[in-house]
Amino acid sequence: MALQRVGVVGFGLMGHGIAQVAAQAGYQVIVRETEQRFIDAGFKRVDASLDRMVKGGRVAEAEAKTARGRIETTTEVKALRDCQLVIEAITEDLALKKTLYRELDAICPPATIFASNTSSMTIAELAASTKRPDRFAGLHFFNPVQVMKLVEIVRAITTSDETIGTLREFTAKIGKTGVVCKDTPGFIVNRLLIPYLNAAIRALEEGVATPEEIDEAVKLGLGYPMGPFTLLDYVGLDTQYHASNVLYDEFKRPDQAPPPLLKRMVLAGHHGRKSGRGFYQYDEKGERKK
């Protein structure tokens, strides 16, 4: 199926990036948010991103302006009825997602493909909220979407080969590499990443070294671009905690269970950069304090 019009539900941290890369690839994009203030905040992120690209010489100013012009916004779900693909990027709330998909299912043509950007939920369970489980899959982007090249294309047991083929073409057109994986908690990357980050927290709990020393050791010893505590603060400690619980609930492996320190930091509201404090402290611009 040829895709021309792409819907994105959610204009937040992930949604604005998905909308931007789709618009830059030539798709007409319509983004649905619940309130105008979220739309304004999303466009602010898009404008800042495009401005960085123009200043860095990666995109011509005219191209950036054209891409920006391809993004429409709405507060009504029914405005997505003409989209051939709808990508959901809302908060990780199962009941909220199911309600959204039931609404979309009632207004979108049968051929429209639904895709969730969820990082932890079961695609088959979300698909069961609709009458199109064969045209439902996961499209898990990575933050920041404009930079990260990987997209995990998640095949549920109900997803058709045709749907996977269409999503492969879409990810290639927006400049990403799509890897297909089965519908299992954590998919590929988080299934490997979550235990690694938990291991770093346990090393800190046991007094092996400070966060700074562990970060430096990982960067220089393993060649990683970012140490585990810098990464945890970036993605959010609450996100790590939630993902750890999802993996542990499914597999019951000790390395997937959230460490006590992680739980206590989340309960204290120390979620990382977005809260101003995690394993490090940050100013109002999100810059790490020395």
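Data for the structure
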read-out: Residues (in contact with an Asp or Glu (Cβ under 9 Å, 6 or more places away or on another chain) and under 22 Å from Thr210 (Cβ atoms)) located in the stretch 248-261; value: Pro259, Pro260, Leu261
read-out: Yes/no for Ala200 being surrounded by 20 or more Cβ atoms within 10 Å (Cβ to Cβ), at pLDDT below 95 and assigned by TED's automatic domain parsing to the domain that holds Leu261; value: no
read-out: Entirely in the stretch 67-168, the strands (runs of 3 or more DSSP E) that have 3 or more residues that are farther than 26 Å from Val179 by Cβ; value: 71-74
read-out: Residues located in the stretch 207-225, provided they are crowded, with 20+ Cβ neighbours inside 10 Å and either under 28 Å from Met121 (Cα atoms) or within 19 Å of the chain's Cα centre (by Cα) (or both); value: none
read-out: Failed condition for Ala243, given (1) over 13 Å from Ala199 (Cβ atoms); (2) over 21 Å from the mean Cα position of the chain (by Cα); (3) touching a residue at least 40 places away in the same chain (Cβ under 8 Å); value: (2)
read-out: The stretch 18-35: number of residues that are assigned to a helix (DSSP H, G or I) and more than 17 Å from the chain's Cα centre (by Cα); value: 2
read-out: Given (1) in contact with a helix residue (DSSP H, G or I) (Cβ under 8 Å, 6 or more places away or on another chain); (2) under 30 Å from Val266 (Cβ atoms); (3) crowded, with 16+ Cβ neighbours inside 10 Å, number of the condition Ile188 does not satisfy; value: (1)
read-out: Any hit, the stretch 101-111, residues being in the same structural domain as Gly175 (by TED's automatic domain parsing), within 19 Å of the chain's Cα centre (by Cα) and closer than 15 Å to Arg132 by Cα; value: yes
read-out: Filter result for Pro228 (under 22 Å from Gly276 (Cα atoms) and under 19 Å from the mean Cα position of the chain (by Cα)); value: yes
read-out: Inter-residue pairs, beta-carbon under 8 Å, first under 17 Å from Gln28 (Cα atoms) and in the same structural domain as Thr118 (by TED's automatic domain parsing) and in the stretch 81-100, second among the aromatic types (Phe, Trp, Tyr) and not in a strand (DSSP E or B), 6+ apart; value: Leu85/Phe170; Glu88/Tyr101
read-out: Residue satisfying condition, being acidic (Asp, Glu), surrounded by 20 or more Cβ atoms within 10 Å (Cβ to Cβ), out of contact with any His (no Cβ under 7 Å at 6 or more places or on another chain) and touching a residue at least 60 places away in the same chain (Cβ under 8 Å), within set Asp183, Asp255; value: Asp183
read-out: Some residue of the stretch 134-148 being surrounded by 20 or more Cβ atoms within 10 Å (Cβ to Cβ), under 19 Å from Leu3 (Cβ atoms) and out of contact with any helix residue (DSSP H, G or I) (no Cβ under 7 Å at 6 or more places or on another chain); value: yes
read-out: Close pairs from the stretch 211-234: first touching a residue at least 60 places away in the same chain (Cβ under 8 Å) and hydrophobic (A, V, I, L, M, F, W, C), partner surrounded by 15 or more Cβ atoms within 10 Å (Cβ to Cβ) and part of a loop (DSSP other than H, G, I, E, B), Cβ under 8 Å, at least 6 apart; value: none
read-out: Output for the stretch 169-188, where each listed residue is of a type outside the set (S, T, N, Q) and part of a loop (DSSP other than H, G, I, E, B); value: Ile174, Gly175, Lys176, Asp183, Pro185, Gly186, Phe187, Ile188
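The values are calculated or read from the model by the stated rules, or taken from the named source; none is laboratory data. Computed from a predicted model, the values in this text were never measured in an experiment. Using ideal geometry, Cβ is built from the backbone for each residue, glycine included, and neighbour counts are taken over all protein chains shown.
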